[in-house]
Amino acid sequence: MAKKENIASVLAFEKKLVPSDGYMYGTCWDVRAEQTTPLKLQEKSVRGTISNRQKPAVQKDPAKLNAEVEKANLQTVDACSLAPEQDTLKLHFTLKVLGGICQPSACNNAAFKQSYAKAARTYIEKEAFGELARRYALNLANARYLWRNRVGAEKIEVVVNALNGEKKQWKFDATEFTTRHFDADDNQVNDLAAHMAKALASDDDFLMLDICCYAKVGKAQEVYPSEELVLDKGKGSKSKVLYSVENMAAMHSQKLGNALRTIDTWYPEFTDVEQSAGPIAIEPFGAVTNLGRAFRTPKEKQDFYSLFDNWARGEQLSRTEDEHYVMAVLVRGGVFGESDK
Amino acid sequence: MKVYIDLTLLPSDDIGQNFLWQKMFQQIHLALAELNNAKGVQPVALAFPGYRVHGLGNKLRLMAIDSADLHALDLSQWLDRLMDYVHISSVRDVPEKVEKYVCYSRQRSKTGVERLARRYAKRHNIELEQAMAHYQDFQPKYLKAPFIQMQSLSGDQQFRLFIERTWCAEASAEATADFGSYGLGKNTALPHF
């Protein structure tokens, strides 16, 4: 264990991959680059059936239970789909890649700041962000950020433009890149990765990318914008609210960011066929909320804090993969101060 | 049944199991319908090894007597766009010793009076109005079985394909079984393992 006199109780990192919200348009595959129309949300009223489990009190009373499950379940929900003549969804967003990872945005302990900066520089000298950038670039190429819209899509094209510095364009057929692993070796991806790595490894440089993703999902098909978390559900109000910006269906920037940093294949259970969740998003405890599980628990010393606390004070980590993971959490950003009491 | 293929759903954040069932089953249904058209009968049966009261689990099993039928399905073609979300096993032999047998069948809900009346009118060869009168005091019965949300390919209708499981004492004669385009059969007991 490293000595703990150098404790930063205030420690924060800004995120280094900054996506915008994603805006959704409808188009036809053959004219996808020229003609697009913004997608609007539609409100639907549907009559469902009561299918959730009933409260124990109701369950025990047969008459009440029957009355309860025989009520129609009227709901108003938001939905979004392509127009009848359209077969392709366009998702548009921008992504800023920032440098300066050696400098925390806030740190109240000079000794810690120094030892951290040294560890980060050693990593950059050794790895130059090659592996992380390659994985981020693959997640741009495989269109993971389409989330449910990606499932079953017939064709997917991704067009990435660099908006600053050297004017460059990359085009990907996303169906050629799987979301299950990062073994692909592709010249276009490697080139995009090299540009991203350069920005990440820099002290104060940045890269601005514009991403247009086209997915042929089929005529008039439903598409899936982000769902808003409704904390205060009033009676009779809408039970499903989708995200829109100025009347245009959209995806939250957080959701795009989550997809881009879904690169963690280094957690212990990844190789276990039964337990594995595939690549998971970079999170300090490896939390996957939908599965209600954390894959990196402090008990197994595989969580960010267990690894970071020693590494930032000059200790070597036993595996390069752990270094990748720690750096990826710093790219994600967050508040990581520890109690000095 | 002699051979089988297991399909395993690989859900992840945001892309849940029920959503994947819906997407995968639509393709399986098409594949089975195609085989049905080509052969006149449909010899592949579906089983749900992870079947529970509240869901179908994460596995779909396709079973047949002749492995040629499973190969003819050409699943990797039908599931081509879902390969990141579904794992397809190779064709495997059904274990020789099986202790339990099971039957999966479709359950139709009795909730829509009009649909029931249409059917009643047809069966009894009477006018729809008379049939409606027959169902005057009708109380809808809701099903509790697990289901797959389906999209009708002919219309824009959504419907639920309810699947019921019944345990059977022993295997039934299955050589001539025809499982239709949903791969479900009321009268055929399949080995459960």
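The values are calculated or read from the model by the stated rules, or taken from the named source; none is laboratory data. Since we're looking at a predicted model, the values are computed, not measured. All Cβ positions, even for glycine, are placed from backbone atoms using ideal geometry, and neighbour counts span all protein chains on display. Surface areas here come from the heavy atoms of the whole protein model, side chains and all, with no ligands, DNA or RNA. Shrake-Rupley method; radii C 1.70, N 1.55, O 1.52, S 1.80 Å.
The table for this structure:
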| read-out | value |
| --- | --- |
| FRET efficiency, 1/(1 + (r/R0)^6) with R0 41 Å, evaluated for A:Asp272 and B:Ser152 via beta carbons | 0.55 |
| Residues with amide H under 5 Å from that of A:Lys155, placed H, sequence gap 5 or more | A:Lys216 |
| Inter-site label distance for A:Glu228 and B:Glu114 at 7 Å from Cα along Cβ, in nm | 3.4 nm |
| Pairs of Lys in segment B:42-178 closer than 22 Å at Cα, counting only those 8 or more apart or on different chains | 7 |
| Heavy-atom accessible area per residue - chain A, 1.4 Å, Å² | 49 Å² |
| Amide hydrogen neighbours beyond the local backbone of A:Leu317, cut-off 5 Å, H modeled | none |
| Whole-number percent relative contact order across segment A:190-341, with pairs defined as alpha carbons under 8 Å at least 6 apart | 12 percent |
| Simple Cβ-charge dipole of segment A:248-331, Lys/Arg +1 and Asp/Glu -1, about Cα centre, in debye nearest 20 | 280 debye |
| Chain A, dipole about Cα centre (Lys/Arg Cβ +1, Asp/Glu Cβ -1), debye to the nearest 20 | 1020 debye |
| Extreme residue, positive dipole direction of the protein assembly as shown, given options B:Ala45, A:Gly100, A:Leu256 (C-beta unit charges) | B:Ala45 |
| Carbon and sulfur %, accessible surface of the protein assembly as shown computed with the full protein complex present, 1.4 Å | 48 percent |
| Rotationally averaged projected area of segment B:79-140 (alpha carbon convex hull; nm²) | 9.4 nm² |
| Residues in segment A:128-166 that, when all protein chains are in place, have 30 Å² or more less accessible area than the chain alone would give (probe 1.4 Å) | A:Trp147, A:Arg148, A:Arg150, A:Val151, A:Gly152 |
| Local electrostatic count, A:Leu242, Cβ distance below 9 Å [Lys/Arg +1, Asp/Glu -1] | -2 |
| Shielding score for B:5-15, defined as the mean number of other chain Cβ atoms within 10 Å | 5 |
| Directionally averaged projected area (convex hull, Cα atoms, segment A:207-341), nm² | 14.2 nm² |
| Low-density loop positions, trypsin sites (Lys or Arg not before Pro), segment A:159-264 - DSSP coil, at most 10 other Cβ in 10 Å | A:Lys167, A:Lys233, A:Lys235 |
